[in-house]
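A quick write-up on the structure given underneath.
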Amino acid sequence: VVLKEVMDTILLIISGIAAGIIGGMGMGGGTLLIPLLNIFFGIKQHTAQAVNLVVFIPMSIAALIIHIKKKLVDYKKALLIILPSSVTAVGGAFAAKNIDSGSLQKFFGGFLILIAVFQVVVYIIEKKQNKLNNNTK
């Protein structure tokens, strides 16, 4: 029992490190952290999402400090994003609370698939644009 607890603790720390690296790169650590907690640790979807929200706070503060020091923050645009995203995050949290865990898993999985498809499409478009730009030079 003690060995299992030690291994789980080590795996949770590794999961946190991986989520922190991905979150620091701007992808969003929850993209990795939520499935890890859910699949490998058997944590329910609601709890995994709640943990992700709590973990997000120090990760985002650290990333924000670094971006501010590098003068990469456009404060006017940031405010235009912060206000509506804060309101919709609260609405999303209340909505998620009222959805059963199985459906929430499916919604989250679908969301990840949509993000992946979007990223592939953007990559293909950028490659084609770069190719066109290189051919016109």
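At 15 Å minimum axial length over the Cα atoms and a Kyte-Doolittle cut of 0.5, report the qualifying DSSP H helices in the chain, or say none.
Passing helices, by number: 2-24, 45-69, 75-97.
Any idea of the accessible area per residue across the chain, 1.4 Å probe, to the nearest Å²?
Solvent-accessible surface per residue comes out at 78 Å².
Between the stretch 33-73 and the stretch 79-126, what is the separation of their alpha carbon centroids in Å?
For the stretch 33-73 versus the stretch 79-126, the Cα centre distance is 14 Å.
Aspartates and glutamates within cross-link reach of Lys44: Cα-Cα under 14 Å, excluding same-chain residues under 8 positions apart?
Asp100
Count charges around Val120 for me, please; just the other residues with Cβ under 14 Å from its Cβ, Lys/Arg as +1, Asp/Glu as -1.
The answer is +1.
Only helical DSSP H runs with n ≥ 4 go in: add -39500 (n - 2.57) per run for the chain, normalise by residue count and round the 222 nm mean residue ellipticity to 500 deg cm²/dmol.
-29000 deg cm²/dmol, from helical runs alone.
Over the chain, with every protein chain in place, what whole percent of the accessible area is carbon and sulfur at 1.4 Å, could you tell me?
74 percent
Using 7 Å Cα-to-Cβ label points, what is the Asp100/Val73 separation (nm, one decimal)?
Calculated label separation equals 4.3 nm.
Between Lys131 and Ser86, what is 0.36 nm times their sequence separation minus the Cα-Cα distance? Round to one decimal in nm.
Fully extending the segment from Lys131 to Ser86 adds 12.3 nm.
How much length is gained if the chain between Leu114 and Ala62 is pulled fully straight, taking 0.36 nm per residue apart and subtracting their Cα-Cα distance, in nm to one decimal?
15.9 nm
Find the relative contact order for the chain and round it to a whole percent, using C-alpha pairs within less than 8 Å whose residues are 6+ positions apart.
Reported relative contact order: 18 percent.
The values are calculated or read from the model by the stated rules, or taken from the named source; none is laboratory data. Note that this is a predicted model, so its numbers are computed, not measured. Note: ideal-geometry Cβ built from the backbone for every residue, glycine included; neighbour counts use all protein chains shown. Please note that ligands, DNA and RNA were not included when accessible areas were found on the heavy atoms of the full protein model with its side chains. Shrake-Rupley method; radii C 1.70, N 1.55, O 1.52, S 1.80 Å.
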